[in-house]
Structure formats: C-alpha cells, structure tokens
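Q: Before we start, here is the structure in question, set down as structure tokens.
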Amino acid sequence: MLRHLNIGKIIFEHLHGLVIHFLKISICISFVSIALLAQTDTLFYKENYSIVIDSIQISGNETTKDFVILRELTIGIGDTLNQQIASFDRERIYSLRIFNSVQMNPYSFEGKNYLLIVVEESWYIYPIPIFYLKDKDWSKISYGVALSWLNFRGRNERITGLATFGYDPSFGFTYFNPNLAYNENLNFQTNIAYTTVTNRSIQAEDLYGSQFEQESFISRVQLGKRFGSYHWLYLNTGFDYIETPFYIEGINASDSRIDRTLISGMSYVLDSRDLRLYATEGMYTLVNFEYKGFGIDDISYYVADLDFREYRKVADTFTAKWRITARHTGGELVPYYDYSYIGYSNRVRGYFYGDEQEGNDSFLGSFEIDYPIINESRIDLYFIPLIPRSLLSYRFSLIGELFADTGATRDEGEPWTIKSFDSGYGTGISILFLPYFICRFEFAINDNARTEWIFDLGASF
C-alpha cells in the first residue's frame, strides 16, 4: 500500500513539473512575441489615408457571427479604404443596434494592409419597461413591458413579445430574421397584435355621435430580398379583424360591424444612410402598396405610401436634411380607420398639439439643419454594481437644430390648396444616448404666430 502511494506521489510530482515547465515556456513565448511585435513595422493609419485592404479582421463579437458585420461594409478585400469610407461603414455597423461601440482600425503589418473591426456587444436579452406616447400625445400614455431577445443565435434575429396597458392596451409578438437564406439575401418577418383602438376620425365621431373604440387583431407575414448594400424588396400578406360595437357605413368597411380583411402588398426600400438612428449622410426611400379586401364582404380598397429623406453634410460640420412623405387611399369604400392623418404619428411642429387633419390623402414636408454641440462622447457607468457592463455604456451626442414643417390632407376629388397647409418653424436640441434612447426639446411657432414647446421621443426623421 505504501509503495502505491509513493508511485502516485512520484507521478503527481512529475506532472506538476511538466505543467510548471509548460507555463514557463508559454510566458517566455508571450514576452518574445510582444517584443518582436514592438520591433516590427506595424503602422496604424489615423488620418488622410488611402489604402488597398488585404485582409479584414473582427474582434469582440463573442456572440455575433462575422457575416452580420461584414454584410454592412461597402468595401471588401482588394478595395480602397479611406477615412470617409471607414467612418461611413462604422455607422452602418452601429446601426444594427446590437453594439455599444464600433471601432475601425486600419493598419499595415509586414507589407500588408489590414482592417481591424473592434466591437463591444450590447446586452441582448432583457425585459424593457414601456412608456409610450400614442400618436405623440401626452394625454395618451401607454405603459407595460416588452421582453426582447436581440441578436438571437448571433445572427441579428429579433424576438419580441409585449403587453401594454393604459391608453389603447395591446398585446403583440414579432419575429424578424434578416438572414433567412444568407447566400440568397432573403429575410423573413412575422407579427401578430391585438389592440383596443380609440377612434381617431372626427367624421366618424360625428356620424356616431360620440367617441368609441374598436377591437383589432392584426397579423402579417413578410418575405424580403436584399440587393447589394442599399436596396430591399418585400412581399407581404396578412389578415385584419376589426370589430366595432355598431354598424355605420364608412366606419365599417364591410356590410357588418365586423370587418374581416385579407391583405396583400409589396414595398421597396432604399437605405444608404450612415447612422440610421440619427443620420448625417445618405438617403432613405420607402414605396409601399397594399390592396385590401379583394371584394370579400364588399371590402375593396388600397393604400399607397411614399417616404423620401435625404441627408447631406454641409461644410463638414452641419447636416442639412429634408423629408417628403405622402399617403394615398382609394377604392370602393375606404373606412375611416384607414384614412390618412396629420396630427398623430405624423405632425407639423407648430401645430403639434390638438390640430388634427384627416382625408383620403396626406402630405408632409420637413426641412432641418443640425449642428453637433457635442458630436460624440462615451459615457461609461461601469462603477454601478450588479448591472451588466453592456448595459452601462452609451454613445452620447447633443445636437442643435433649426426646422420647418408643412402638411395637409384632402378628400378624394378635392384640389390641393395653399390655405389647406399648416406650417411651423422653430429650433431645439436632440439628446442621444445610443443605441437605446433619443429625445428632443423644441420651440416652434406656426403661420398664425402661435408658439408651443415640444418634448418628444425619437428623432424627427
């Protein structure tokens, strides 16, 4: 027995010696590597460079697949990279909203040029308290919780379930897969939602004699294809169930108090913006068409949307941006709940509160000049205990703005007139805590010399 113990002790001491010897060798190799690296001709490019990329490396993406990042680049191996392209592509990667920070570090090593992309991943699975202003109206507050799983499987897929209460309570589920078939650039999205909707139409309220609510169940399935870096084409289909407590023609699309509507549509998107959350360069265009009803239950009408935005740098400091958005409805009988509105989600600053318009068609135009008071700064709150680090890092900016808005609606057959347009002008600041939060404080005056203060969430456009 004693002999067996001695043999075990000898084996243990031998293995221990091997481990110590291996660690010594590893440490020596590490120090030698560092010393050799310090003596090489590694050159990190900073400003005014123009190089041909031989290799692209990615660091920090512990969860995210490489292809999710690479597909946002406008350059590849063999292409020329300069500071402007690197800055643009950095913002495109950041626009995925799954990273707290993105760094583009081009360098030269042993005669070859490398692009090192360093990312810090954000927190992906968390419940999100919801505080939502329906139609940007502080008298229509919804609150609740959403459970989101961002970057599911490391492929930028998103799964979200939500429940809201207060004004227009709702329940919903959304799944989005931007890489359904990566080699074919196919994406897929589906969502279902149940909502109690308060009527927005003044004409419908006049017909019924008082305000009312409608119960709605909405479902959509969408298949899309991406063409290159900037173009998307989508096909969608769905079913809407709208229940009203009574029947009045026009308030209902069918010949009963319950509308059951089959929907099919197509849309095209061009998006060459740098930072989609708050762009300074590029263009955005949405063209959408949906046909509803197909004659079933006497429902047959269509909705067409156009949204065009352009962003341009001026004097390397200012950003000039403008937007035109229009909506058109037509067909046999367009129900009031599908009319075109201004004064809800789309608003004219200067007529921001209590000035709604409705009709078959709507038009809204905006122009804005932005100036970065604080262009970009990191705020890290890593000293806070218990909360994951990825939730404690933010990209902070403070932007000053001058703006002008104008908008109008019209019913079918009516002409557009200058008098029908509401216009407003003003100034303000936008506060950005990216990738999580944007808010705005603004002062506006309209064409009737009425002034108003505005506090709103999100970018203007």
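The values are calculated or read from the model by the stated rules, or taken from the named source; none is laboratory data. If you're wondering where the values come from, they're calculated on a predicted model, not measured in any experiment. Cβ sites come from the backbone with ideal geometry, for glycine too, and all protein chains shown count toward neighbours. Side chains included, ligands, DNA and RNA excluded: accessible areas come from the protein's heavy atoms. Shrake-Rupley method; radii C 1.70, N 1.55, O 1.52, S 1.80 Å.
Q: Being crowded, with 19+ Cβ neighbours inside 10 Å and more than 25 Å from Asn151 (Cα to Cα) is the requirement here; does Tyr351 meet it?
A: Values: crowded, with 19+ Cβ neighbours inside 10 Å: yes; more than 25 Å from Asn151 (Cα to Cα): yes.
In short, yes.
Q: For the list (1) aliphatic (A, V, I, L, M); (2) within 30 Å of Phe44 (Cα to Cα); (3) in contact (Cβ under 8 Å) with a residue 40 or more places away in the chain; (4) in a strand (DSSP E or B), I need the number of the one condition that Val102 fails.
A: Condition (3) is where Val102 drops out.
Q: Further question: Do we have Phe383 as in a strand (DSSP E or B) and either open to solvent by less than 20 Å² (accessible area, probe 1.4 Å) or of a type in the set (Phe, Trp, Tyr) (or both) here?
A: no
Q: Identify the single condition in (1) surrounded by fewer than 19 Cβ atoms within 10 Å (Cβ to Cβ); (2) free of Cβ contacts under 8 Å to residues at least 60 places away in the same chain that Gly428 does not satisfy, given that it satisfies every other one.
A: Every condition holds for Gly428 apart from (1).
Q: Within segment 396-408, is even one residue modelled with pLDDT under 95, open to solvent by less than 20 Å² (accessible area, probe 1.4 Å), under 22 Å from Leu133 (Cα atoms) and not charged (D, E, K, R)?
A: Within segment 396-408, none of the residues are modelled with pLDDT under 95, open to solvent by less than 20 Å² (accessible area, probe 1.4 Å), under 22 Å from Leu133 (Cα atoms) and not charged (D, E, K, R).
Q: From Ile159, Ile93, Ile98, grab the single residue that is crowded, with 17+ Cβ neighbours inside 10 Å and at pLDDT 95 or above.
A: None of the others qualify; the one that does is Ile93.
For every residue, the table says whether it meets (1) in contact with a Leu (Cβ under 8 Å, 6 or more places away or on another chain); (2) of a type outside the set (Asp, Glu).
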{"position": "Leu223", "(1), (2)": "yes, yes"}
{"position": "Phe227", "(1), (2)": "yes, yes"}
{"position": "Asp255", "(1), (2)": "no, no"}
{"position": "Tyr268", "(1), (2)": "yes, yes"}
{"position": "Arg273", "(1), (2)": "no, yes"}
{"position": "Thr280", "(1), (2)": "no, yes"}
{"position": "Thr285", "(1), (2)": "yes, yes"}
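Q: Then there's this: Filter segment 311-358 down to the residues that are in a loop (DSSP other than H, G, I, E, B) and of a type in the set (Gly, Ala, Ser), then identify the one that is farthest from Tyr371 (Cα to Cα).
A: Narrowing segment 311-358 to residues in a loop (DSSP other than H, G, I, E, B): 315-317, 332-335, 339, 343-356.
Of the ones still in play, those that are also of a type in the set (Gly, Ala, Ser) are 315, 343, 345, 350, 354.
Numbers: Ala315: 11, Gly343: 27, Ser345: 25, Gly350: 21, Gly354: 30 Å.
This residue is Gly354.
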